[in-house]
Each structure stands twice: as C-alpha cells, then as structure tokens.
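Trainee: Quick one: this structure, given as structure tokens, is what I'll be asking you about.
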Amino acid sequence: MMRNKRFGNWLQYIGLIITLCLISSFKTDVKKKTNNDNNLVTSSVWYVAGPTIENQEVINTIRKKNSIIRVTATNSPIGEIELNVLITPSQSNDGSPTNLPEDSNFVSITYKSSHLIKLQAREGNEEGTGCVHGGSHPRVDLPISPDKFTTIKIPWSDFKQDGLPNGKHLNIHNLCKFNFVNYKPVAGATLEITTVLIQNLKQSKN
C-alpha cells in the first residue's frame, strides 16, 4: 500500500516536471517568433545597389536560410554600395512610410563590418503618403567591427541630416527605410547583419 502511494507521488512529480518543461518550451517558441516578427532581417525583403558580388536574389536566399544579411564588394568596386530595407514590408523598394509610436526610442542593430558604414534613415514625402528615393535621410555612423559581431543601440535622437551636429532630426512618424551605405568600398569589403530591431515596431505596423 505504501509502495503504491510512493509510486503515485513519483508519477505526479514526473508529470509536474514534464508540464513545466512544455510550458517553458512554449514560452521560448513564442519569444523566438516575436523576435523574428520584429527583426527586419527575417521579416522583410532587402535590396542592394552598387558593386557587390551578391545580387538581391542571393542576399535574400541567404537571409531566408541563415537569418543573416551578407554583402561583399567586388574586386574592383566603382561607386558606393547601398543596402536597404523598408520598415513596413512592401511589394517594391518604394512603399508606404511607417508611423512609429511615441514610445519607440531606438533601433538595435547587430552587425559585423570591415569598413565604416553610414546608416541613413530615409523619410517619406512631405505628405507622409509614400517613399521615394532622395529627400530627407538623417544618418549615423556604424563603426568598423571587422572581427566580431557588435550590437549597437542607436537612439532616434542621434539621427541627424547629413550626420551634422546641428542637422535636422529624424521624424520617426514618417520613416520609410534604412539604407546601409559604404561610400568608398574597397575590394572584398564585407558587411553582415543579423538583427535590426526597432523598439515597439509591432504597435506601429500599417
């Protein structure tokens, strides 16, 4: 009788452990899914222009398979390399701007780069209805990080027109895309990006 009772208690204990493991696994899966939904590397199509070995199709194939953006300059690069992604996914490289909420304060980027990258935050037209090339694009610098991945959290207040101390601040309520630019690429220059996370982006999707 006592043995059966102990056996029953043991089964309850094992059942409790299994239940806790399942709950923990579910929470982890939900967290991963949420992060993937918010991460522009995994949620959005990326576009590239300039002297790179990888074209747009290759970049996005690797992105979908390995959750990483990777571009490499050609052996004799001429002109700048521009790698860009829309904040709100679109069928083309010119979509609708995103109106970020007031409690969005920064973007967090994990990257590795052999050379200095200028990160432009391109704004939409004055009417706030569309994204066209040109216009206002406050920017910041992404420092060189050739040997290891670096995570940098950039407050929106750091983005200023042309990177000037007194440049116009970014309007987060009319944000179209990020443009990662290497203005003077050399042969074999590399840029790799694993995360681009905007604080509270999900609240603002159109």
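Trainee: Given the condition in contact with a His (Cβ under 8 Å, 6 or more places away or on another chain), over 27 Å from Ile144 (Cβ atoms) and charged (D, E, K, R), answer yes or no: does some residue in region 84-102 qualify?
Mentor: Scanning region 84-102, I find at least one residue that is in contact with a His (Cβ under 8 Å, 6 or more places away or on another chain), over 27 Å from Ile144 (Cβ atoms) and charged (D, E, K, R), so the answer is yes.
To keep it simple, each residue is scored yes or no on (1) open to solvent by 10 Å² or more (accessible area, probe 1.4 Å); (2) in contact with a Phe, Trp or Tyr (Cβ under 9 Å, 6 or more places away or on another chain); (3) among the acidic types (Asp, Glu).
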residue: Ser136; (1), (2), (3): yes, no, no
residue: Ile152; (1), (2), (3): yes, yes, no
residue: Trp156; (1), (2), (3): yes, yes, no
residue: Asp162; (1), (2), (3): yes, no, yes
residue: Pro185; (1), (2), (3): yes, no, no
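Trainee: Exactly one of these conditions fails for Asn125: (1) open to solvent by 20 Å² or more (accessible area, probe 1.4 Å); (2) in contact with a Ser or Thr (Cβ under 9 Å, 6 or more places away or on another chain). Give me its number.
Mentor: Asn125 satisfies all of (1) open to solvent by 20 Å² or more (accessible area, probe 1.4 Å); (2) in contact with a Ser or Thr (Cβ under 9 Å, 6 or more places away or on another chain) except (2).
Trainee: Right, another one. Which one is nearest to Thr88 (Cα to Cα) among residues in region 46-59 that are outside any helix (DSSP H, G or I) and open to solvent by 40 Å² or more (accessible area, probe 1.4 Å)?
Mentor: It comes out as Ala49.
Trainee: May I ask you to verify whether Asn66 is at pLDDT below 95, of a type outside the set (D, E, K, R), closer than 29 Å to Pro146 by Cβ and loosely packed, with under 14 Cβ neighbours inside 10 Å?
Mentor: no
Matching residues to (1) in a helix (DSSP H, G or I); (2) without any contact (Cβ under 8 Å) to a residue 60 or more places away in the chain:
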residue	(1), (2)
Thr61	yes, yes
Pro77	no, no
Pro101	no, no
Lys112	no, no
Lys118	no, no
Gly128	no, yes
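The values are calculated or read from the model by the stated rules, or taken from the named source; none is laboratory data. These numbers were taken from a predicted model, which means no experiment stands behind them. Every residue, glycine among them, receives a Cβ derived from its backbone with ideal geometry; neighbour counts consider all protein chains shown. Only protein heavy atoms, including side chains, enter the accessible area calculation; ligands, DNA and RNA are left aside. Shrake-Rupley method; radii C 1.70, N 1.55, O 1.52, S 1.80 Å.
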